[in-house]
Amino acid sequence: MGETGSEGGNTLSIRDNRTGRDYEIDILEGDVIRSMDLRQIKVEDSDFGMMTYDPAFSNTASTRSTITYIDGGKGI
């Protein structure tokens with residue numbers, strides 16, 4: 001993760017046309033990226049950084065766990 005100009009393996013390349021900066025975001029197992037990795041994309045260093053917006057939670061995975069069992073149908 002980080003600002004870079006190189007090509008990587010399992011990464012997503014992003015160019016911020018506002019600043020001309022290039023970024024590489026790691027692609028994790030399952031073809032997902034961490035939304036927090038987008039926070040590094042800023043116009044000014046003092047900016048909060050990019051955030052994702054997903055109305056109705058339609059394209060967002062909340063978590064992946066190997067120790068937690070959830071069954072919404074049973075209310076667990």
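The values are calculated or read from the model by the stated rules, or taken from the named source; none is laboratory data. Remember, predicted model here, so these are calculated numbers, not experimental data. Reconstructed Cβ throughout: ideal geometry from the backbone, glycine too, with neighbour counts over all protein chains shown.
The conditions of being surrounded by 13 or more Cβ atoms within 10 Å (Cβ to Cβ) and either in contact with a Ser or Thr (Cβ under 7 Å, 6 or more places away or on another chain) or modelled with pLDDT under 95 (or both) are not met by ILE70.
Annotation note: of SER58, SER35, SER65, the sole residue that is touching a Ser or Thr at 6+ places or on another chain (Cβ under 7 Å), among the hydroxyl-bearing types (Ser, Thr, Tyr) and either modelled with pLDDT under 95 or at positive phi (or both) is SER35. Look at region 60-76: where a residue is under 15 Å from LEU28 (Cβ atoms) and a partner is modelled with pLDDT of 70 or more and exposed (fewer than 10 other Cβ atoms within 10 Å of the Cβ), sitting 6+ places away or on another chain with Cβ atoms under 9 Å, you get THR60/ASP54; ALA61/GLY30; ARG64/GLU29; ARG64/GLY30.
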